[in-house]
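Colleague: Quick one: this structure, given as structure tokens, is what I'll be asking you about.
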Amino acid sequence: MTGTALILGPNGRFGRHVANALAQRGWTLRRFDRQNDDLDRAAEGADLIVNGWNPAYPDWAAQLPGQTAAIRRAAERSGATVLVPGNVYVFGPEAPERLGPETPHRAHNPLGRLRIEMEQSWRDSNVQVILLRCGDFLDDAASGNWFDRVMAPKLTRGVLTYPGRADIPHAWAYLPDVARAAADLVERRGALPRFAEIPFPGHTLTGQALGELCAAALGRPVRIERFAWWQLALATPFWPMARHLREMRYLWDMPHWLEGETLAASLPDFRATSPAEAVGSAVGAALADRAGQPSGAMSAQTSR
């Protein structure tokens with residue numbers, strides 16, 4: 001079941017990948033231009049709105065509620081389904097390792113609370129929503145995420161810079177896989193509930209396992225070096241983003257993984273790219289970027 005999709009944030013990580021996946025399946029795409037387009041008009045006749053808008057962390061409090069309300073209004077008027085990328089911020093540091101739709105949202109930090117409020121507003125709406133919840137992104141192009149901006153720059157010297165404990169599981173999502181799953185889900189939207197919260201299991205990797213996959217991709221040994229969080233502490237008075245990055249530090253020391261049963265129930269034939277191929281692709285993209293190809297600055301959020 002294809003149709004017309006309005007892509008918000010068509011040049012961002014999530015929006016770009018989902019747009020490509022939908023285009024390959026024959027969807028008609030409208031790529032929203034913030035400078036020239038009106039959201040309500042752009043959404044007229046759309047079957048799907050892909051919410052790829054992602055303000056920078058320091059702008060979340062000022063922009064996220066208004067953006068959500070505007071998209072909700074446009075979807076209510078057009079009757080469109082909304083595809084929302086979710087993250088793990090809503091659960092908080094006391095969450096269990098297994099994260100699923102039944103896991104309570106108990107985050108108490110500012111960014112986590114904003115995400116809880118955003119998701120609740122979608123639950124309370126009359127709009128059909130598909131919330132695809134992911135871990136940290138691995139991308140096939142350098143896009144300013146944690147992996148290519150913080151973790152991979154020293155791989156040419158055989159060093160993976162890791163932000164937390166290297167012996168605990170951490171949730172990762174390879175963006176081309178996320179986009180394929182998203183396209184599959186929206187084409188089956190008629191069989192989904194009005195609010196469908198679907199965890200994307202992706203790949204659960206410890207820092208040590210990630211380092212081994214990086215070593216395999218490089219064909220040389222890789223050692224893990226702990227990220228120097230003190231540098232962000234020093235930068236906090238001068239760089240607002242640093243405070244918010246430090247706010248989410250707990251995720252790197254909190255064992256967690258996203259359950260896969262919910263996705264499998266909706267997409268029983270979906271198969272993810274292997275961890276070796278996904279990490280190898282991300283390594284290649286990060287190294288190409290370090291060699292001088294253009295890329296984005298450190299993003300507003302790690303996955304999401």
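Colleague: State whether the residues of the range 255-275 include one that is modelled with pLDDT of 95 or more, of a type in the set (Phe, Trp, Tyr) and part of a helix (DSSP H, G or I).
Modeller: Keep residues of the range 255-275 that are modelled with pLDDT of 95 or more, which gives 255-275.
Restricting the remaining residues to those that are of a type in the set (Phe, Trp, Tyr) gives 257, 270.
If we keep only those that are part of a helix (DSSP H, G or I) too, we end up with none.
Checked the range 255-275: no residue is modelled with pLDDT of 95 or more, of a type in the set (Phe, Trp, Tyr) and part of a helix (DSSP H, G or I).
Colleague: From the residues in the range 190-221 that are of a type outside the set (A, V, I, L, M) and part of a helix (DSSP H, G or I), which one is surrounded by the fewest Cβ atoms within 10 Å (Cβ to Cβ)? Step through it out loud before you land on a result.
Modeller: Of the residues in the range 190-221, the ones of a type outside the set (A, V, I, L, M) are 190, 193-195, 197, 199-204, 206-208, 211-212, 214, 219-221.
In the following step, the residues that additionally are part of a helix (DSSP H, G or I) were identified as 190, 207-208, 211-212, 214.
On the way: 190: 8, 207: 21, 208: 15, 211: 24, 212: 19, 214: 25.
If we take residues in the range 190-221 being of a type outside the set (A, V, I, L, M) and part of a helix (DSSP H, G or I), then 190 is surrounded by the fewest Cβ atoms within 10 Å (Cβ to Cβ).
Colleague: What is the number of the single condition among (1) farther than 18 Å from residue 147 by Cα; (2) touching a residue at least 24 places away in the same chain (Cβ under 8 Å); (3) among the polar types (S, T, N, Q) that residue 236 does not meet?
Modeller: So the condition that residue 236 fails would be (2).
Colleague: A further question on this structure: Return the residues of the range 60-96 that are touching a residue at least 12 places away in the same chain (Cβ under 8 Å), out of contact with any strand residue (DSSP E or B) (no Cβ under 8 Å at 6 or more places or on another chain) and among the aliphatic types (A, V, I, L, M); say none if nothing qualifies.
Modeller: Residues satisfying the conditions are 61, 64, 69, 70, 90, 95.
Colleague: Out of 242, 272, I need the residue that is surrounded by 18 or more Cβ atoms within 10 Å (Cβ to Cβ) and free of Cβ contacts under 8 Å to residues at least 12 places away in the same chain. Which one? Steps first, answer last, please.
Modeller: Working: 272 fails: free of Cβ contacts under 8 Å to residues at least 12 places away in the same chain.
When all the criteria are applied, what remains is 242.
Colleague: Got a number for residues in the range 98-140 being among the small types (Gly, Ala, Ser), crowded, with 21+ Cβ neighbours inside 10 Å and in contact (Cβ under 8 Å) with a residue 24 or more places away in the chain? Write out each step before concluding.
Modeller: Of the range 98-140, the ones among the small types (Gly, Ala, Ser) are 100, 107, 112, 121, 125, 135.
Within this subset, residues satisfying the condition of being crowded, with 21+ Cβ neighbours inside 10 Å are 107, 112, 135.
Imposing the further condition that a residue be in contact (Cβ under 8 Å) with a residue 24 or more places away in the chain reduces the set to 135.
Summing the residues that are among the small types (Gly, Ala, Ser), crowded, with 21+ Cβ neighbours inside 10 Å and in contact (Cβ under 8 Å) with a residue 24 or more places away in the chain in the range 98-140 gives 1.
Colleague: Here's another thing I want to ask about it. For residues that are of a type in the set (D, E, K, R) and at pLDDT below 95, scanning just the range 130-177, find the one that is farthest from residue 202 (Cα to Cα).
Modeller: Residues of the range 130-177 that are of a type in the set (D, E, K, R), as a first pass: 133, 136, 139-140, 148-149, 154, 157, 165, 167, 177.
Remaining after also requiring at pLDDT below 95: 148-149.
Numbers: 148: 18, 149: 20 Å.
Restricting to residues being of a type in the set (D, E, K, R) and at pLDDT below 95, the top hit is 149.
Colleague: Of 53, 60, which residue is surrounded by fewer than 22 Cβ atoms within 10 Å (Cβ to Cβ), part of a helix (DSSP H, G or I) and under 16 Å from the mean Cα position of the chain (by Cα)? Walk me through it before giving the result.
Modeller: Values: 53 fails: part of a helix (DSSP H, G or I).
Only one candidate qualifies: 60.
The values are calculated or read from the model by the stated rules, or taken from the named source; none is laboratory data. These numbers come from a predicted model, not from an experiment. As a convention, Cβ positions derive from the backbone with ideal geometry for all residues, glycine included, and neighbour counts pool all protein chains shown.
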